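For reference, the structure discussed in these notes is given below.
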Amino acid sequence: MIVGVIGSGTMGAGIAQVAATAGCGVILFDADTQALERSQTNLEKILNRLIEKGKYTEAKKAEITGRISYVENIQEMANVNLVIEAIVENPEIKKSVFETVEGLVSDECIIASNTSSLSITSLAAVLKRPERFIGIHFFNPAPLMKLVEIVPAIQTSAEVMQHAKEMIDTWGKLTVIAKDTPGFIVNRVARPFYSEAIRIYEEGIAGIATIDWAMKEIGGFRMGPFELMDFIGHDVNYTVSETVFKSFFYDVRYRPSFTQKRLVEANYLGRKSGKGFYDYENPSTDPVP
Ligand code: NAI
């Protein structure tokens, strides 16, 4: 089984690792050579850490890394059995990539998107054979998070849905089938987790660190809402909020926050840029107002 992964950022790199660990050959493509190099270096680091902890052997690392080819040319996708796209959350860019991919792969190849918020049905519609298209939505970090949402478009065939689900199950993940609606299951439930936390902060009810502390200590969450938004990246998290809001015909329940929009405009994207709600370069300073 050969899996093509398009986009070697946070999610694509993680999905490539999951597929290779499950024994699949992986062709990992990105339009940006540096992103490819970064994902290769990061995977080395992750696997070395697992060796240090005694969880992996050098041989296992060599097997996993040996299964992944990092490619700068999308034409290399020609012989894959499954394509999972994990590029920027922009419908037009994604659609153009899917049109290109369909022209390269066999008729049997399943084409999937890891989109968090776009309509799977609208992405499927650009294909000549939309019945082979499906959403396969991993969570961050993909190698650690068990859950994967399988989201058939209204055009997706029952066989493709079943096949996609079975494949991801064999990768050691827990799959759930969700209808193609904005945010699917988890991202929809999570919207108020973020937006109400920001509102509580904006209304002066409690500070960022206090809200995070309360949700972890009392609520039992692994991360507080602000830590989680900083971890996901405000560009990604805000875009998902905006898409869900628009997709629900501007239902105020999903209205995004100006506070978060300003963070995106300032390029305070969270952990990946060194600053978000928290300042990771000067951790002693107060969270960003
Ligand atoms: P990212 O920004 O870390 O990586 C995106 C990668 O795609 C970059 O390396 C970029 O160079 C590449 N890229 C952009 N346009 C391209 C093109 N036309 N052809 C080839 N490569 C291209 O983004 P991230 O966070 O990995 O998100 C990717 C997708 O996964 C998005 O659809 C997002 O909604 C979804 N997602 C993100 C999650 C997260 O927590 N970050 C969780 C679950 C899904």
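The values are calculated or read from the model by the stated rules, or taken from the named source; none is laboratory data. From a predicted model like this one, the values you see are computed outputs, not experimental measurements. Quick reminder, even Gly has a Cβ in these numbers, built from the backbone with ideal geometry, and neighbours come from all protein chains shown.
Computed quantities for the displayed model
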{"quantity": "Hits in the range 235-250 - residues which are away from the ligand (no atom under 11 Å from the Cβ) and touching a residue at least 40 places away in the same chain (Cβ under 8 Å)", "calculated": "241, 244, 247, 248"}
{"quantity": "Helices (runs of 4 or more DSSP H) (entirely within the range 156-248) containing at least 1 residues that are surrounded by 16 or more Cβ atoms within 10 Å (Cβ to Cβ) and under 20 Å from the mean Cα position of the chain (by Cα)", "calculated": "158-170, 186-202, 225-232, 234-247"}
{"quantity": "The range 1-37 - residue that is of a type in the set (Val, Ile, Thr) and either closer than 14 Å to residue 81 by Cα or not assigned by TED's automatic domain parsing to the domain that holds residue 93 (or both) and, of those, nearest to the ligand (Cβ to nearest atom)", "calculated": "6"}
{"quantity": "Filter result for residue 142 (within 14 Å of the chain's Cα centre (by Cα), at pLDDT 95 or above, within 29 Å of residue 78 (Cα to Cα) and assigned to a loop (DSSP other than H, G, I, E, B))", "calculated": "yes"}
{"quantity": "Among (1) in a helix (DSSP H, G or I); (2) more than 15 Å from the ligand (Cβ to nearest atom) - the single one residue 122 does not satisfy", "calculated": "(2)"}
{"quantity": "Boolean, residue 102 is at pLDDT 95 or above and either among the hydroxyl-bearing types (Ser, Thr, Tyr) or surrounded by fewer than 19 Cβ atoms within 10 Å (Cβ to Cβ) (or both)", "calculated": "no"}
{"quantity": "Some residue of the range 67-76 being surrounded by 14 or more Cβ atoms within 10 Å (Cβ to Cβ) and within 11 Å of the ligand (Cβ to nearest atom)", "calculated": "yes"}
{"quantity": "Matching residues, the range 251-277, being within 13 Å of the ligand (Cβ to nearest atom) and hydroxyl-bearing (Ser, Thr, Tyr)", "calculated": "273"}
{"quantity": "Inter-residue pairs, beta-carbon under 8 Å, first farther than 17 Å from residue 108 by Cα and in the range 77-96, second more than 8 Å from the ligand (Cβ to nearest atom) and in a loop (DSSP other than H, G, I, E, B), 6+ apart", "calculated": "95/126"}
{"quantity": "Every residue from the range 127-145 that is away from the ligand (no atom under 14 Å from the Cβ) and surrounded by fewer than 23 Cβ atoms within 10 Å (Cβ to Cβ)", "calculated": "127, 128, 129, 130, 131"}
{"quantity": "Answer from 127, 118 - the residue that is under 20 Å from residue 247 (Cβ atoms) and hydrophobic (A, V, I, L, M, F, W, C)", "calculated": "118"}
{"quantity": "Condition broken by residue 82, with the remaining ones in (1) away from the ligand (no atom under 14 Å from the Cβ); (2) surrounded by fewer than 17 Cβ atoms within 10 Å (Cβ to Cβ) satisfied", "calculated": "(2)"}
{"quantity": "Candidates 27, 84, 64, 74, filtered to the one that is in contact with an Asp or Glu (Cβ under 8 Å, 6 or more places away or on another chain), hydrophobic (A, V, I, L, M, F, W, C) and at pLDDT 95 or above", "calculated": "27"}
{"quantity": "Residue among 88, 148 that alone is buried (at least 19 other Cβ atoms within 10 Å of the Cβ) and assigned by TED's automatic domain parsing to the domain that holds residue 9", "calculated": "148"}
{"quantity": "Contacts under 8 angstrom Cβ, first residue in the range 40-57 being at negative phi and assigned by TED's automatic domain parsing to the domain that holds residue 14, partner of a type outside the set (A, V, I, L, M, F, W, C) and not in a helix (DSSP H, G or I), 6 or more apart", "calculated": "40/70; 46/143; 47/56; 50/56; 51/57"}
{"quantity": "Which numbered condition residue 223 fails, given (1) out of contact with any Leu (no Cβ under 7 Å at 6 or more places or on another chain); (2) within 23 Å of residue 101 (Cβ to Cβ)", "calculated": "(2)"}
